[in-house]
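Student: This is the structure I want to talk about, given as structure tokens.
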Amino acid sequence: MTGTVLRALGGVYEVQTEAGALEATIRGRVKREERREDKVVVGDEVDLEPTGDSGWAISRVHPRRSALVRRAPGKAPRPKTIVANVDQVVIVFAVAHPAPHLRMLDRFLVLCEANGLEPLIVANKTDLLPPDEVDALFAPYRSAGYPILTTAAKQGIGIAELRDAICNRTSALAGPSGVGKSSLLNAVQPGLGLRVASISEAAQKGRHTTVTAQLIPLDCGGYVADTPGLRELGLWGIEPEELAHYFPEFQPYLGMCRFGTGCTHTHEPACAVQKGVHEGAIHPDRYDSYRRLFAGEDEEDLM
Ligand SMILES: Nc1nc2c(ncn2[C@@H]2O[C@H](COP(=O)(O)OP(=O)(O)OP(=O)(O)O)[C@@H](O)[C@H]2O)c(=O)[nH]1
Ligand SMILES: [Mg+2]
Ligand SMILES: [Zn+2]
């Protein structure tokens, strides 16, 4: 029997199969074969075998079609797979409470581009900011060609559009804590009853209400993963030389620098990308993110 991992809870996996959702453990063989950290993650396709005591065990993990992989928090460089086999990443930020951390959004977009995942930016809590300020915040992303949805989960605004965007495919909702990821999913599919919590008024930060990722079968077809809020987002498996290709608005300029494909677009004379910034076609904040990522700057833990 095969199935899809819906969630992992301390060595026990909830797996969606044709016969419904089952709980399964992992066979020792799988434990040894796969990398320790990421041996089975939410979204994985797995084979199940019956165990002696009428339970089920994961006997094989199918190769991943895609994965959202970040650098694990902490000093040691290790990857952490947030979710496997998704087509789309819905990157959720609040327009306020907490204030949007757009440099993290840039990192998310680079991760999506590098991993072949389609990004959809959702600007939630639009009830808290005038529309022209919301537009201004996300204008660099709109002009870079990214799709953006504006929502207010509490007021039910933009929910039908979000439902349309996630039905009949597999998506992951990701973003900082307290931006309203679980609230949005509760609005998209009434009856889900995902836990939500107000953000800390003092610190203006989320409370990390969702603690483990879970994949949710949608009534309208497909799956969506709710994931825990991220404090920071480090890139994994991306070389500095590739980075410029992951900024869509840089594309018209690449190869047109004096130093050609050897240009790092950080300091060289007659750099077409820097010219694009001066001419206003590339937003200075996006270019700043590029330079920081190129320099390998690691984001400090923000919480
Ligand atoms: N004003 C306003 N508040 C919202 C909106 N959406 C969610 N909230 C509130 O924001 C708080 C955090 O919402 P959650 O859905 O728990 O946020 P989350 O992104 O799932 O957070 P984590 O699970 O910690 O990652 C709750 O108090 C929600 O009621 C919105 O559109 N407008
Ligand atoms: Mg949540
Ligand atoms: Zn250049």
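Student: Among 163-173, 38-48, how do they line up by average Cβ neighbours within 10 Å per residue, starting with the highest?
Tutor: Working: 163-173: 19.5, 38-48: 21.3.
Most protected by this proxy first, the peptides run 38-48, 163-173.
Student: With springs only between Cα atoms under 10 Å, which of Gly234, Gly221, Gly74 fluctuates most in a Gaussian network model of the chain?
Tutor: With Cα springs under 10 Å in the chain, the top fluctuation among Gly234, Gly221, Gly74 is at Gly74.
Student: Sticking with this structure for a sec: Please list the three semi-axes, largest first and in whole Å, of the ellipsoid equivalent to segment 111-258, using sqrt of 5 times the eigenvalues of its alpha carbon gyration tensor.
Tutor: Numbers: eigenvalues 160, 67, 58 Å².
After scaling each eigenvalue by five and taking roots: 28, 18, 17 Å.
Student: Something else: Of the peptides 79-90, 123-134, how do they stack up when ordered by the mean number of other Cβ atoms within 10 Å, highest first? Could the numbers behind the result be given before it?
Tutor: Details: 79-90: 22.6, 123-134: 17.0.
Most protected by this proxy first, the peptides run 79-90, 123-134.
Student: Sticking with this one: Is the shape of segment 240-294 rounded, prolate or oblate, going by the alpha carbon gyration tensor and its root eigenvalues a ≥ b ≥ c, with a/c under 1.5 for rounded and a/b larger than b/c for prolate? Don't skip to the end; give the middle numbers.
Tutor: Numbers: a/c = 1.38, a/b = 1.09, b/c = 1.27.
Note, shape of segment 240-294 comes out rounded.
Student: Still on this structure, I have one more. Hey, can you rank 262-271, 16-25 by average C-beta count inside 10 Å, highest first?
Tutor: By packing density, highest mean first, the sequence is 262-271, 16-25.
Student: By how many nm would the segment from Arg195 to Asp219 lengthen if fully extended, with 0.36 nm per residue of separation less the alpha-carbon distance?
Tutor: Details: separation 24, 0.36 × 24 = 8.64 nm, distance 1.90 nm.
Residue separation times 0.36 nm, minus the Cα-Cα distance, leaves 6.7 nm.
Student: Contact order normalised by length for segment 16-151, with contacts defined as Cα pairs under 8 Å and 6 or more residues apart; what percent is it? Write down the numbers at each step before the final one.
Tutor: Working: 196 pairs, mean separation 24.4, N = 136.
Rounded, it is 18 percent for segment 16-151.
Student: Report the full-extension gain for the segment Thr51 to Lys275: residue separation times 0.36 nm, less the Cα-Cα distance, to one decimal in nm. Can you show the working numbers first?
Tutor: Numbers: separation 224, 0.36 × 224 = 80.64 nm, distance 6.36 nm.
74.3 nm is the gain from fully extending Thr51 to Lys275.
Student: Next question, about the same structure. How large are Rg and Dmax for segment 2-61 when calculated on the C-alpha trace, in angstrom?
Tutor: 10.3, 29
Student: With a ≥ b ≥ c the root eigenvalues of the C-alpha gyration tensor of segment 80-157, is it rounded (a/c under 1.5), prolate (a/b larger than b/c) or oblate?
Tutor: Since a/c reaches 1.5 and a/b is larger than b/c, the shape of segment 80-157 is classed as prolate.
Student: Moving to a separate point now. Note down the magnitude of the dipole of segment 2-61 about its Cα centre, charges +1 on Lys and Arg C-beta and -1 on Asp and Glu C-beta and zero elsewhere, to the nearest 20 debye. Present the calculation step by step, with values, prior to reporting the outcome.
Tutor: Numbers: 9 positive and 12 negative charges, 64 e Å.
For segment 2-61, the charge dipole is close to 300 debye.
Student: Between rounded, prolate and oblate, where does segment 119-163 land on the alpha carbon gyration tensor, with a ≥ b ≥ c its root eigenvalues, rounded for a/c under 1.5, else prolate if a/b exceeds b/c? Numbers along the way, then the final one.
Tutor: On the way: a/c = 3.07, a/b = 1.26, b/c = 2.44.
It comes out oblate by the Cα gyration axes.
Student: Quick one: work out Rg over Rh on the C-alpha atoms of the chain, Rh as Kirkwood radius. Please list the in-between numbers first.
Tutor: Working: Rg = 20.5 Å, Rh = 20.6 Å.
Rounded to two decimals, Rg/Rh equals 1.00.
Student: Right, next: For the chain, what does the helix formula give at 222 nm: sum of -39500 (n - 2.57) over DSSP H segments with n ≥ 4, over the residue count, nearest 500 deg cm²/dmol?
Tutor: On the way: 7 runs with 67 residues, N = 303.
Rounded to the nearest 500, the figure is -6500 deg cm²/dmol.
Student: Could you tell me which of Leu230, Val273, His208 has its Cα farthest along the dipole of segment 147-303 towards the positive end, charges placed at Cβ (Lys, Arg +1; Asp, Glu -1), taken about the Cα centre?
Tutor: Among Leu230, Val273, His208, the one farthest towards the positive end of the dipole of segment 147-303 is His208.
Student: Shifting gears a bit: Can you list the lysines whose alpha carbon sits under 29 Å from that of Lys154, skipping same-chain ones fewer than 8 residues off?
Tutor: Qualifying lysines at Cα under 29 Å: Lys125, Lys181, Lys205.
Every number here is computed from the coordinates shown, using simple stated rules; none is lab data. Quantities reported herein were computed from a predicted structural model and do not represent experimental measurements. Note that each Cβ is placed from the backbone with ideal geometry, even for glycine, and that neighbours are counted across all protein chains shown.
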